[in-house]
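Some notes on the structure that comes next.
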Ligand code: BEZ
């Protein structure tokens, strides 16, 4: 198994899910994707994460993102678990949960870290763009629930920085000022790309209002 890195093509797979078999690349289509692993069904932290992700349905849809959870348990267990998630978290799971009992996906994406636990997956997150390239990898330990608002924030940054010559500063959120990439130096280009103007704090540190707002 090769190490997956940013910019690599996300490995394709076919695996069963709570919504039937999923051929990953075909299922993604032209969407962005979030693939995230869960150590085990019927575990408390995962239950809260899946409920919160269901709550964010409209936020993911607005950004053209499909979410796909994966756990090494079987579809039968997943289907029983989603009832508990709705009951305790107040949101019905509205995305597929992959069944990965043969650990095909867990192995392809290196989600089992044997020195942490040799059977359960860690909490991996992969953000994948419409060209099927991996754009973010984060790994959390099993005992720490993820911050899905942060995942949305990164998607906002990726979608913005893909289409404008900017980068986003520390703790940036939608609507806040952004940074002009240092490679843009031509004054005419700067004027054309950033008609709202910009501030120069250092020649390499220039801020401008978010261009697509
Ligand atoms: C949980 O989801 O609650 C969990 C799973 C594995 C280890 C620790 C916590």
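The values are calculated or read from the model by the stated rules, or taken from the named source; none is laboratory data. These figures come from a predicted structure and were not determined experimentally. Don't worry about glycine lacking a Cβ; one is built from the backbone with ideal geometry, like all the others, and counts go over all protein chains shown.
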Near pairs, Cβ below 9 angstrom, 6+ apart or cross-chain, from segment 133-150 (touching a residue at least 40 places away in the same chain (Cβ under 8 Å)) to any residue that is within 16 Å of the ligand (Cβ to nearest atom) and part of a loop (DSSP other than H, G, I, E, B): 142/39; 142/40; 142/43; 142/116; 142/117; 142/120; 142/121; 142/122
Unique match (being under 16 Å from the mean Cα position of the chain (by Cα), surrounded by fewer than 17 Cβ atoms within 10 Å (Cβ to Cβ) and closer than 14 Å to residue 147 by Cα) among 55, 62: 55
The one condition in (1) at pLDDT below 95; (2) buried (at least 19 other Cβ atoms within 10 Å of the Cβ) that residue 152 fails to fulfil: (1)
Search result, residues across segment 9-50 that are assigned to a helix (DSSP H, G or I), more than 16 Å from the ligand (Cβ to nearest atom) and either under 12 Å from residue 67 (Cα atoms) or touching a strand residue (DSSP E or B) at 6+ places or on another chain (Cβ under 8 Å) (or both): 24, 27, 28
Which listed residue is over 20 Å from residue 3 (Cβ atoms) and either crowded, with 19+ Cβ neighbours inside 10 Å or over 20 Å from the mean Cα position of the chain (by Cα) (or both), from 100, 186, 118: 186
Residue ID - nearest to the ligand (Cβ to nearest atom), chosen from residues in segment 130-154 that are under 22 Å from residue 169 (Cβ atoms) and in contact with a helix residue (DSSP H, G or I) (Cβ under 7 Å, 6 or more places away or on another chain): 148
Residues that are in contact (Cβ under 8 Å) with a residue 40 or more places away in the chain, in contact with a helix residue (DSSP H, G or I) (Cβ under 9 Å, 6 or more places away or on another chain) and not in a loop (DSSP other than H, G, I, E, B), drawn from segment 64-82: 65, 68, 70, 71, 81, 82
Residue within segment 89-109 that is part of a loop (DSSP other than H, G, I, E, B), within 16 Å of the ligand (Cβ to nearest atom) and at negative phi present: yes
Residue that is in contact with a strand residue (DSSP E or B) (Cβ under 6 Å, 6 or more places away or on another chain) and either more than 30 Å from residue 39 (Cβ to Cβ) or assigned to a helix (DSSP H, G or I) (or both), where the choices are 200, 139: 200
Test: residue in segment 2-12 that is within 13 Å of residue 96 (Cβ to Cβ) and in contact with a helix residue (DSSP H, G or I) (Cβ under 8 Å, 6 or more places away or on another chain): no
Residues that are assigned to a loop (DSSP other than H, G, I, E, B) and within 18 Å of the chain's Cα centre (by Cα), drawn from segment 158-179: 168, 171, 172, 173, 174
Single condition residue 171 does not satisfy, out of (1) exposed (fewer than 10 other Cβ atoms within 10 Å of the Cβ); (2) farther than 23 Å from residue 153 by Cβ: (2)
Subset of segment 111-129 that is within 15 Å of the ligand (Cβ to nearest atom) and touching a strand residue (DSSP E or B) at 6+ places or on another chain (Cβ under 6 Å) - its residue that is farthest from residue 158 (Cα to Cα): 121
